[in-house]
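Read the structure below first, then the notes.
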Amino acid sequence: MGEDIIKSHYETLGVAKNATHEEIKAAFRKLARQYHPDINKEPDAESKFKAITAANEILSDPQKRREYDAQQQGGFTTQFATHPHARRVQRHNTPASLRVELNWSEIFQNTRKKFSYQRVFGCDQCSATLCSQCQGSGIVIRTHQELHFLFQEQVRCHVCSGKGETFSPSCTQCRGAGQFISTHEVELELQRGSVLRGLLLDGLGNQENRTLPPGPLVVEVFPEPNSLYEFGNNHNLLYKCLVDPVQAILGGSIEVPLPEGGSLPWNLRKGCPGDHLEEIKGYGLPKNSDERGSLFVKIVYHMPEELTEDQEKALQAYLEASTQPKIQKEGKPS
């Protein structure tokens, strides 16, 4: 079984050693959303999420951070001076995540809905046993030699996965994992403008350690997929408008469908080229109760598959009257 080398906690969160408490908190929230196993399905997402959580447990606690910094400055001797029977202490429970999709009528109004999501809890039906491999520390020392040098590394214990404890495999609730997953329901009041934003709700997340308060619930709000629009930055939308080339030449009024329903009359100028892009401000997704992004209209030429005899005659008459160089019709060489 593979073992992951433990990085510096500052490197894990991507912050400087002199980072403020607010910077550490912001970095943890961002990475927790990115690598939470319920959202990120990559094979290493769970291990990264655990490392991020462990780093935050140390760096968000002023006393633990001072002790950790002192150990880092002390080098290998201080870093490995861990009492053989010291247990790893979890000081924060991890966040749970919930992805919410709203239909297009709900996006433009205040909405109250119930959603189900999964939470992780520490098992309360079986007793933990001190890990015999790491003696409760959650880490072991791996020694390897390169040339004439001997190196030691701290790695997570592969027996207890860094928990420092093992649980009974016969437990009907956790089956030896020490944790179990439970489905919960939450009622959310989502204000107009909540879409494409994140919400953080304290006390509704995971509770791996039952002696500590539950972690937060991270809610991400998205619109349901819609075949008419593509999403852009800053709550903007892109609508690809299919236009007959002849209509583009003549110009005129066309109807642009709006995301909240209905349509908007829009003036297509004469000779509008294909791939022309025009911005209609204030008709994108809502940013808040008053402000909206933009709706971008892209002109895409739609060539008719067949022409009627009258249509073909009309186009041929246009070509005959045109001052542009003539192209011979198929099957009639000059």
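The values are calculated or read from the model by the stated rules, or taken from the named source; none is laboratory data. Since we're looking at a predicted model, the values are computed, not measured. Reconstructed Cβ throughout: ideal geometry from the backbone, glycine too, with neighbour counts over all protein chains shown. Just the protein is used for accessible areas: all its heavy atoms, side chains included, with ligands, DNA and RNA removed. Shrake-Rupley method; radii C 1.70, N 1.55, O 1.52, S 1.80 Å.
Mind checking which residues of region 106-144 are assigned to a loop (DSSP other than H, G, I, E, B), under 33 Å from the mean Cα position of the chain (by Cα) and of a type in the set (Ser, Thr, Tyr)?
Ser137
Do any helices (runs of 4 or more DSSP H) lying entirely in region 6-64 carry at least 1 residues that are touching a residue at least 40 places away in the same chain (Cβ under 8 Å) and open to solvent by 70 Å² or more (accessible area, probe 1.4 Å), and which ones are they?
On the way: elements: 9-13, 21-35, 45-59.
By residue number, 21-35, 45-59.
Quick one: which of Pro216, Pro225 is open to solvent by 40 Å² or more (accessible area, probe 1.4 Å) and closer than 20 Å to Phe115 by Cα? Break it down stepwise before answering.
Numbers: Pro216 fails: open to solvent by 40 Å² or more (accessible area, probe 1.4 Å).
Just a single option satisfies the conditions, and that option is Pro225.
Scanning for something open to solvent by 30 Å² or more (accessible area, probe 1.4 Å), in contact (Cβ under 8 Å) with a residue 40 or more places away in the chain and among the polar types (S, T, N, Q), does region 251-266 turn up at least one residue?
no
Return the total of residues in region 132-158 being surrounded by fewer than 15 Cβ atoms within 10 Å (Cβ to Cβ) and among the β-branched types (Val, Ile, Thr).
2
Checking Tyr283 against (1) open to solvent by less than 80 Å² (accessible area, probe 1.4 Å); (2) closer than 30 Å to Ser127 by Cβ; (3) out of contact with any helix residue (DSSP H, G or I) (no Cβ under 9 Å at 6 or more places or on another chain): exactly one of these is not met. Which one?
(2)
Looking only at region 239-295, count every residue that is more than 26 Å from Leu307 (Cβ to Cβ), in a loop (DSSP other than H, G, I, E, B) and more than 29 Å from the chain's Cα centre (by Cα) and tell me the total.
Initially, region 239-295 is screened for residues more than 26 Å from Leu307 (Cβ to Cβ), giving 239, 256-267, 277-295.
Now narrow it down to the ones that are in a loop (DSSP other than H, G, I, E, B): 258-262, 281-285, 287-291, 293-294.
From what is left, the residues that are more than 29 Å from the chain's Cα centre (by Cα) are 262.
Matching residues across region 239-295 total 1.
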